[in-house]
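The values are calculated or read from the model by the stated rules, or taken from the named source; none is laboratory data. Computed from a predicted structure; not experimentally measured. Positions of Cβ are backbone-derived with ideal geometry, glycine not excepted, and every protein chain shown enters the neighbour counts.
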Amino acid sequence: MFDDLAGKVAVLTGGARGLGLSMARALGRQGVRIGLVDLLADVETSAARLADELGIETVGVTADVTSADDVAAAFGKVSEALGSPSLLVNAAGITVWEDSLDASPESWRRVIDINLTGTFLCCQALGRACRDGGHPGAIVNVSSMSGRVVNVPQHQASYNASKAAVDQLTKSLAVEWADLGVRVNAVAPGYFLSDMTRQFTDANPELAARWRAMIPLGRMGEPEDLDALVVYLSSSASSYVTGQSIVIDGAYTAV
């Protein structure tokens, strides 16, 4: 039990389902009050279910993380309902598989806007909340092993570039906000069986088998494999850890 987390307020983007909701649940088990932010309308239902399941205060807010106005409004609603947030997990993100020769500017910008600009705007909002509230904070950005390696056989240049940028953003903000008392780290997952990924692998078993064959541990990650790392990076137990992007990929990038 990370006792220092009890009663704190966390914002989790991409929190309506998948890895974002799983990480929200992990923090909620530590007594954190949870604000889920997502473009999906069922984010409110997810928040209500989390409250019932864990007996914690939650709120679900619909917002587009690429809009500064939406992000500001979302953080305002979370603050009004739960108190000033001191924790943030940026899990909102998308990927597009396409040949770069055929990729449209609109497709490129959409991936960069959600994965990078959305991450920055939410980091900025959390930093401002900590500054204005006079309290420290911790941010966990969701990067990817794809920020360090090029996945095969799929073509996803925009995703790879966006996640490499998230890693550098994480380092930059960690240095800039050290005096503010806001730690900024990232987790960089490999192939994980989120709800959406599981649907894809079930429909494409040959590709899933190819991915697993490239992972030394011989399996894809489960959402719960991220829980302890995210909780640790959010807690004061990691008070000397900042500016890091920690790969959790079953040793995929080690070979």
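Things worth noting here:
- Scanning region 161-180 for residues that are farther than 15 Å from Val142 by Cβ and of a type in the set (D, E, K, R) yields Lys171, Glu176, Asp179.
- Leu126 touching a residue at least 60 places away in the same chain (Cβ under 8 Å), assigned to a helix (DSSP H, G or I) and closer than 25 Å to Ala63 by Cβ: yes
- Residue within region 200-222 that is surrounded by 15 or more Cβ atoms within 10 Å (Cβ to Cβ), of a type in the set (Val, Ile, Thr) and at pLDDT 95 or above present: yes
- Count of residues meeting criterion [surrounded by fewer than 16 Cβ atoms within 10 Å (Cβ to Cβ) and at pLDDT below 95] in region 135-192: 3
- Hey, Asp225 of a type in the set (Asp, Glu) and either touching a residue at least 12 places away in the same chain (Cβ under 8 Å) or surrounded by 14 or more Cβ atoms within 10 Å (Cβ to Cβ) (or both) or not: yes
- Among the residues of this structure, Ala103 does not count as one that is touching a Leu at 6+ places or on another chain (Cβ under 6 Å), surrounded by fewer than 17 Cβ atoms within 10 Å (Cβ to Cβ), in contact (Cβ under 8 Å) with a residue 24 or more places away in the chain and not basic (Lys, Arg).
- Residue count for region 172-204 under the criterion of being without any contact (Cβ under 8 Å) to a residue 24 or more places away in the chain and in contact with a helix residue (DSSP H, G or I) (Cβ under 6 Å, 6 or more places away or on another chain): the result is 1.
- Residues satisfying the stated conditions in region 27-41, i.e. surrounded by fewer than 22 Cβ atoms within 10 Å (Cβ to Cβ) and within 18 Å of Phe75 (Cα to Cα): Leu39, Leu40, Ala41
- Residues in region 1-25 that are hydroxyl-bearing (Ser, Thr, Tyr) and either in contact with a strand residue (DSSP E or B) (Cβ under 9 Å, 6 or more places away or on another chain) or more than 28 Å from Thr66 (Cα to Cα) (or both): Thr13 alone.
- Exactly one residue out of Gly60, Gly76 is under 27 Å from Ser235 (Cα atoms) and touching a Leu at 6+ places or on another chain (Cβ under 8 Å): that is Gly60.
- 2 or more residues out of contact with any Phe, Trp or Tyr (no Cβ under 7 Å at 6 or more places or on another chain) and of a type in the set (Asp, Glu): qualifying helices (runs of 4 or more DSSP H) within region 137-255: 157-176, 195-203
- For Lys8: the one exception among (1) touching a helix residue (DSSP H, G or I) at 6+ places or on another chain (Cβ under 7 Å); (2) within 19 Å of Val184 (Cβ to Cβ); (3) among the charged types (D, E, K, R); (4) surrounded by 19 or more Cβ atoms within 10 Å (Cβ to Cβ): (1)
- Test: residue in region 33-54 that is within 30 Å of Asn151 (Cβ to Cβ) and more than 16 Å from the chain's Cα centre (by Cα): yes
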